[in-house]
Structure formats: C-alpha cells, structure tokens
1. Quick check on region 117-142: of everything there that is modelled with pLDDT of 95 or more and among the aliphatic types (A, V, I, L, M), which residue is surrounded by the fewest Cβ atoms within 10 Å (Cβ to Cβ)?
2. Among residues belonging to region 234-282 that are among the β-branched types (Val, Ile, Thr) and assigned to a loop (DSSP other than H, G, I, E, B), point out the one that is nearest to residue 157 (Cα to Cα).
3. What are the residues in region 168-188 that are surrounded by fewer than 24 Cβ atoms within 10 Å (Cβ to Cβ) and either among the basic types (Lys, Arg) or touching a residue at least 24 places away in the same chain (Cβ under 8 Å) (or both), if any?
4. Could you grab me the full set of residues in region 92-130 that are within 13 Å of residue 143 (Cβ to Cβ) and not in a helix (DSSP H, G or I)?
5. Please determine, by comparing only the residues of region 194-220 that are under 20 Å from residue 238 (Cβ atoms) and of a type in the set (A, V, I, L, M), which one is modelled with the highest pLDDT.
6. List the pairs whose first member sits in region 260-282 and is acidic (Asp, Glu), whose second member is outside any loop (DSSP other than H, G, I, E, B), and whose Cβ atoms are under 6 Å apart, counting only residues at least 6 apart or on separate chains?
7. Could you check residue 187 against (1) at pLDDT 85 or above; (2) in contact with a His (Cβ under 6 Å, 6 or more places away or on another chain) and say which number it fails?
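The values are calculated or read from the model by the stated rules, or taken from the named source; none is laboratory data. Just so you know, these numbers come straight off a predicted model, no measurement behind them. Heads up, the Cβs are rebuilt from the backbone with ideal geometry, glycines too, and the neighbour counts pull from every protein chain shown.
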Amino acid sequence: MEFLTKVWAKEATTPVAIEAVTGAAQKNATPKAEKASASTEPTDETTTAQKDWGYDLYPERRGETFKPKWTRVLFGMEGQENIDRFKCEENVYWCVKNGPLVKLMMGALKSSGCPIDLRRHISCEVCDPTVTGGYDPKLNQIVVCQNMAKNKSMVHGVLTHEMIHMFDYCNNDMDFRNVDHLACTEIRAANLAHCSFLSAMFQGDASPFNVKEAHQNCVKSKALASVLAVRNVSKADAIAAVERVFPKCYADLEPIGRRIRRNSTDQQKAYMEAPMYGYDVY
C-alpha cells in the first residue's frame, strides 16, 4: 500500500471518519460554482472554468475588486493593498535579478520558446489566504499572492514553483483539466522546488526511521494538497492520480537537473549547470 493511501486509510478507519472525508469532498465540490453564480451569474462555460482552474482562490482572476474589511483595516491587517503590491513587485524583480532558480527557469523557458515578460506573465494579486501563488494556464500567467508571499524567500519559492508549471505547459502540451497531468506537474514542482528532509520533518512526513522515503513522502503530500486546492475532485481520486503518475514524474528533473537540499549550494550549482543541458542563463 502506497504512502498516501496509507495516510488516507488511517484517516478513514471509522464510519465517522469516512463520512467526514466524503462530506469534505462534497463540500469542496459545490461552493466554487455556488459562489460564482451568487456573485456574477456566470455562463456554464465560466462556471466550468472556475471549477477547472481554481479561480475562486484568486478573486481578481474573476474580475472582482478586493474590498478590505474595516475590522481588519483597524488592526492593520488590510487596507495597504497598493503598498503590498509595490513590495511584491519589488521582490519579484529582485528574484529575477538575483534568484538562481528563478534565473535558471527563465532561461529554460526562453530556450523552450516561451520567454517571460515580467509585465505580461507575472501578476501580484490579493489571494485566498490558503495559497501563496498560482499558475493560470488560460492566460499563461503566474500569480504571486501579495498578501501571503511577503518576503524575497517566499516569492522566490513561488516563482520557481509556478515557473515549473509554466515550463511543463510550454514543453509537454499539458491539459490542467486532466487530473493526471495536474498531479504530475505538482509532483515535479514539489520535487524540484520545495521538499527537503527538514521541510519533510516540519510537515510530518519524515522521522529518523524513514529517512530514505522522507523526500518522496513530502513530495506526495505537497502534490496531493495542491491538487485538492485547485480541483473539485475527491481525496481518493486525487490520491489515485498522484500514485499513478508518481514514478515517472518524480524521476523527471528537467530543467533544474537536481533536487535542491536546504542550506546547501545546490541552487547555485543548478544555475551553473544549466548551459550543460542546453538552456540559456540570465
């Protein structure tokens, strides 16, 4: 039995737990369309797009203007959106100029025929607090959540993660409405941009007794969470998709070429090695 299946089975060992899991899936399957229909009365095509692409996590993608609540303004939690956007754009520019993985990904995208224009392909926006960024394949645009990714390190992680999605979309003719395709690109992004033993420990996917499998478990957990966040699928279906494509997608290290360890020189090494794989460097 695979790691995610074990975790899910453990959660669903009692009828109450099973009902909670199914109920959560059903609950997550309806509000997106309901919210959209209540606010804008969209067409079936618009509703389908919101379900397929997770637009409900990115209000500005739906054409909504963010309105801060006075109670949160009073405590300094909202009301500075223009300042936050400026800081976010400043951090994006810094990462493009100084972040080794971001520079590597931009070079790889340019070599693949999909060069990035900062003004066209990267947007700082107010998002749902559950996400720090996203990739919109319909507009071929990366969203950096200015209210959640507030420092250079977080922005660098968001840009690298989402640029991997953009790279997959550019090179592999991906269909993000296909749950297997979505699971694959999420596995690759977690594998190349996020998981290390330390992050796996924080996430609860590692211990001194399973060091060998810690990285894979971390990747699976992150990929599963991402799939569930943006698609209306049951947890069982999401787990099945992740497990189904995991061996092939976990082994695909393009274009970074290596898994990045925390507090190491791996980022710089990957950047320096990029020309060996035929990619431009910035």
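1. The extreme case among them is 142.
2. Among residues in region 234-282 that are among the β-branched types (Val, Ile, Thr) and assigned to a loop (DSSP other than H, G, I, E, B), the one nearest to residue 157 (Cα to Cα) is 260.
3. Within region 168-188, 169, 170, 171, 174, 176, 177, 179, 180 meet the criteria.
4. 122, 123, 124, 125, 126, 127, 128
5. Among those that are under 20 Å from residue 238 (Cβ atoms) and of a type in the set (A, V, I, L, M), it is 219.
6. That search, which allows pairs on different chains as well, returns 280/107; 280/110; 280/111.
7. So the condition that residue 187 fails would be (2).
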